[in-house]
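Engineer: First, the structure itself, so that you have it in front of you.
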Amino acid sequence: MLLSSCSLATSASTSPWFSFLLFALVGFIAQLIDGALGMAYGVSSNSLLLSLGVPPAAASASVHTAEVVVTGISGASHWKLGNLDRELVKRLLVPGVLGGVLGAYALTSVNGEKIKPFIAAYLLLMGLRIVLKARNHRGQHRRAYRHTSLLGFFGGFLDAMGGGGWGPIVTTTLVARGNHPRYAIGSVNFSEFFVTLAQTATFIVSLSYAEHWRVIAGLTLGGMIAAPLAARMTRKLPAKPLMILVGSLIVALSLRTLWVSLAR
């Protein structure tokens with residue numbers, strides 16, 4: 001695996017078009033997952049970029065920058081297809097932006113990796129809860145708005161601190177509370193554009209992204225192609241399978257994060 005990653009990285013460095021297409025494929029896969037399930041763009045794209053030999057700092061900076069364009073298209077697609085709950089968006093957007101900006105500033109003095117095991121443990125419980133609710137699903141959903149603003153702030157803050165987590169934290173909690181997966185995913189994706197834009201503007205103050213243009217451009221192109229397709233998947237998938245997919249994905253990602261954190 002290591003040799004494979006190294007060879008891919010070497011090929012990418014000697015063939016600009018080959019590397020660009022690889023990064024575009026990474027962006028397409030990551031956004032297809034995130035747009036359809038409302039989470040895991042950062043986790044998916046970072047993991048794939050690292051496996052291709054991209055340095056961690058370059059991967060993180062590139063993902064955040066590309067996300068601005070990709071989440072904008074994804075949010076617009078969900079809005080156009082009617083996947084939004086306006087009340088959820090109203091309660092998530094501003095607190096999420098404030099939490100994201102504060103988290104971006106805090107990241108300069110606090111190691112976000114240290115809080116990942118606690119986030120993973122919380123998400124593991126939420127993922128299991130979603131799967132259990134899906135098994136007993138009877139087609140009824142409720143609109144649960146209690147503490148949604150606090151959830152948005154918490155999700156935005158930890159997303160900036162940990163390099164990802166807006167979707168897993170916010171979408172998982174909303175669906176676990178009983179909100180319809182279609183509207184929870186659509187509303188979270190729509191709000192994510194504004195949260196990501198605020199985070200990226202904060203990061204740009206202290207980081208230079210120009211040297212990573214090829215990674216950013218590839219991720220952006222792949223994500224732009226996948227975003228409308230993923231939004232349509234969210235609209236057409238029945239609620240029960242969607243809940244099982246969301247719950248299973250978050251359980252798997254949480255177990256992986258806990259394993260990696262405890263193994264260090």
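The values are calculated or read from the model by the stated rules, or taken from the named source; none is laboratory data. Note that the structure is predicted; figures quoted are calculated from it, not measured. Cβ atoms come from the backbone with ideal geometry, glycine included; neighbour counts cover every protein chain shown. Please note that ligands, DNA and RNA were not included when accessible areas were found on the heavy atoms of the full protein model with its side chains. Shrake-Rupley method; radii C 1.70, N 1.55, O 1.52, S 1.80 Å.
Engineer: Can you go through V188, V195, V215 and tell me which one is at pLDDT 75 or above, under 19 Å from L93 (Cα atoms), open to solvent by less than 20 Å² (accessible area, probe 1.4 Å) and in contact with a Ser or Thr (Cβ under 7 Å, 6 or more places away or on another chain)?
Structural biologist: Values: V195 fails: in contact with a Ser or Thr (Cβ under 7 Å, 6 or more places away or on another chain); V215 fails: under 19 Å from L93 (Cα atoms).
From the options V188, V195, V215, the qualifying one is V188.
Engineer: Another question about this same structure. Which ones in segment 13-37 are open to solvent by 20 Å² or more (accessible area, probe 1.4 Å), more than 22 Å from G155 (Cβ to Cβ) and modelled with pLDDT of 80 or more?
Structural biologist: W17, F18, F20, L21, L22, L25, F28, I29
Engineer: Would you please list the contacts, defined by Cβ atoms under 8 Å and residues six or more apart or on different chains, that run from a residue in segment 211-235 that is more than 13 Å from I33 (Cα to Cα) to a residue that is of a type in the set (V, I, T) and not in a helix (DSSP H, G or I)?
Structural biologist: V215/V54
Engineer: To continue, here is another question. Going by what's in this entry, would A66 be described as surrounded by fewer than 24 Cβ atoms within 10 Å (Cβ to Cβ) and either within 14 Å of I216 (Cα to Cα) or without any contact (Cβ under 8 Å) to a residue 12 or more places away in the chain (or both)? Please lay out each step first, then the result.
Structural biologist: Working: surrounded by fewer than 24 Cβ atoms within 10 Å (Cβ to Cβ): no; either within 14 Å of I216 (Cα to Cα) or without any contact (Cβ under 8 Å) to a residue 12 or more places away in the chain (or both): yes.
Here the answer is no, as A66 does not meet what is asked.
Engineer: Test each condition in (1) out of contact with any Asp or Glu (no Cβ under 8 Å at 6 or more places or on another chain); (2) modelled with pLDDT under 80; (3) hydrophobic (A, V, I, L, M, F, W, C) for A40 and report the one that comes out false.
Structural biologist: Answer for A40: the failing condition is (1).
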